[in-house]
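Colleague: Okay, here's the structure, questions in a sec.
The values are calculated or read from the model by the stated rules, or taken from the named source; none is laboratory data. Remember, predicted model here, so these are calculated numbers, not experimental data. Note: ideal-geometry Cβ built from the backbone for every residue, glycine included; neighbour counts use all protein chains shown.
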Amino acid sequence: MTVEDSLRELNNASYFGVLRYGRSYTNLVYTFLTFPIGLALFIYSAVCLPLFAGLSVIVFGFILLYLYLWTLPKLMLAYGYITHFFVGLPIPDKEYVPQIEGTFFTKAFNALKDKRIGKSLLYTLFLAMPYGTFVFSLMTTLLSLVVGLIGAPIAFVVQYFLGTGDVWITWVIDHLPLWGIIVILVMGVIIGLGLIPAVLQLNNKLAIWHARMVQKALTR
């Protein structure tokens with residue numbers, strides 16, 4: 001089975017069938033990694049480019065630009081290895097890192113002619129951090145909801161016997177009969193467990209889409 005067939009099978013998995021794929025869980029780890037990696041890439045670009053602009057009147061500015069454009073594709077290639085490890089999409093071979101021609105002072109500008117460097121630059125500045133922040137916030141919210149629903153009976157038992165002072169649990173105890181509370185808690189656990197496959201399905205699609213975006217940045 002090819003990588004594309006494997007990803008297609010994962011994407012088309014049944015609602016509960018997604019639970020049996022180990023890749024569903026590695027994709028979840030990958031999704032959470034997009035935030036710190038995207039933030040680091042953005043900070044790196046946001047710091048280097050203004051420095052180049054400010055120092056462009058002296059030779060050191062060109063040296064800084066050269067070093068930045070030399071390291072950017074290497075960082076993206078490292079990201080590609082992370083993508084390959086967690087999501088499974090293949091990455092370009094060792095020939096990916098561009099061989100920039102020209103004299104020392106023209107290499108930095110000639111580097112911009114390589115589409116892979118241009119795409120990596122666009123990704124680090126405009127896509128990496130916004131996407132990482134979005135998916136991190138979304139998955140954190142959904143997983144918190146799942147954990148809250150599944151853990152609600154424990155929270156209720158602790159409040160019921162120890163009286164921890166949670167306002168909403170106190171209100172439920174005061175206004176609902178015990179059988180009604182039990183029904184609500186059981187339904188909450190069932191809903192929480194039922195949401196797990198939905199969260200994994202959504203996460204798989206987000207992880208694969210992002211992995212393809214990284215892959216495109218690494219190819220001509």
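Colleague: Looking at region 3-11, can you tell me whether even one residue there is assigned to a helix (DSSP H, G or I) and crowded, with 17+ Cβ neighbours inside 10 Å?
Modeller: Filtering region 3-11 for residues assigned to a helix (DSSP H, G or I) gives 3-11.
Applying the additional criterion that residues be crowded, with 17+ Cβ neighbours inside 10 Å yields 7, 10.
There is at least one residue in region 3-11 that is assigned to a helix (DSSP H, G or I) and crowded, with 17+ Cβ neighbours inside 10 Å.
Colleague: Which pairs do you get when a residue that is in contact (Cβ under 8 Å) with a residue 24 or more places away in the chain and closer than 19 Å to Trp209 by Cα, found in region 1-26, comes within reach of a residue that is surrounded by 10 or more Cβ atoms within 10 Å (Cβ to Cβ) and basic (Lys, Arg), reach meaning Cβ atoms under 8 angstrom, with the pair 6+ apart or on two chains?
Modeller: Once the first residue is in contact (Cβ under 8 Å) with a residue 24 or more places away in the chain and closer than 19 Å to Trp209 by Cα and sits in region 1-26, its partners that are surrounded by 10 or more Cβ atoms within 10 Å (Cβ to Cβ) and basic (Lys, Arg) give Ser6/Arg23; Leu10/Arg23; Asn11/Lys205.
Colleague: Let me ask you something else. Across region 131-157, what is the number of residues that are of a type in the set (Ser, Thr, Tyr) and surrounded by 18 or more Cβ atoms within 10 Å (Cβ to Cβ)? Spell out the reasoning first.
Modeller: In the first step, residues of region 131-157 are kept if they are of a type in the set (Ser, Thr, Tyr); the result is 131, 133, 137, 140-141, 144.
Next cut, surrounded by 18 or more Cβ atoms within 10 Å (Cβ to Cβ) only: 131.
Number satisfying all stated conditions: 1.
Colleague: Sticking with this one: Given (1) at pLDDT below 85; (2) assigned to a helix (DSSP H, G or I), identify the lone condition not met by Ser45.
Modeller: (1)
Colleague: Also, quick follow-up: Can you tell me which of (1) closer than 15 Å to Trp209 by Cα; (2) modelled with pLDDT under 90 is the one Val158 doesn't meet?
Modeller: If we test Val158 against (1) closer than 15 Å to Trp209 by Cα; (2) modelled with pLDDT under 90, just (1) comes out false.
Colleague: Moving on. Can you pull out every residue in region 23-34 that is surrounded by fewer than 16 Cβ atoms within 10 Å (Cβ to Cβ) and within 21 Å of Gly194 (Cβ to Cβ)?
Modeller: Of everything in region 23-34, just one residue is surrounded by fewer than 16 Cβ atoms within 10 Å (Cβ to Cβ) and within 21 Å of Gly194 (Cβ to Cβ), namely Tyr25.
Colleague: Tell me yes or no: at least one residue of region 87-94 is of a type in the set (A, V, I, L, M), under 25 Å from Thr219 (Cβ atoms) and part of a helix (DSSP H, G or I).
Modeller: Of all residues in region 87-94, those of a type in the set (A, V, I, L, M) come to 87, 89, 91.
After this cut, where a residue has to be under 25 Å from Thr219 (Cβ atoms) as well, the list is 87, 89, 91.
Then keep just the ones that are part of a helix (DSSP H, G or I); that gives none.
Among the residues of region 87-94, not one is of a type in the set (A, V, I, L, M), under 25 Å from Thr219 (Cβ atoms) and part of a helix (DSSP H, G or I), which makes the answer no.
Colleague: Looking at region 85-108, can you tell me whether even one residue there is within 30 Å of Ile208 (Cα to Cα), out of contact with any helix residue (DSSP H, G or I) (no Cβ under 9 Å at 6 or more places or on another chain), modelled with pLDDT of 85 or more and not polar (S, T, N, Q)?
Modeller: For region 85-108, residues within 30 Å of Ile208 (Cα to Cα), out of contact with any helix residue (DSSP H, G or I) (no Cβ under 9 Å at 6 or more places or on another chain), modelled with pLDDT of 85 or more and not polar (S, T, N, Q): absent.
Colleague: Applying the selection to region 67-84, what residues are touching a residue at least 12 places away in the same chain (Cβ under 8 Å), over 13 Å from Val47 (Cβ atoms) and not aromatic (Phe, Trp, Tyr)?
Modeller: Once the filter is applied, which keeps residues that are touching a residue at least 12 places away in the same chain (Cβ under 8 Å), over 13 Å from Val47 (Cβ atoms) and not aromatic (Phe, Trp, Tyr), region 67-84 yields Leu69, Pro73, Lys74, Leu75, Met76, Leu77, Gly80, Ile82, Thr83.
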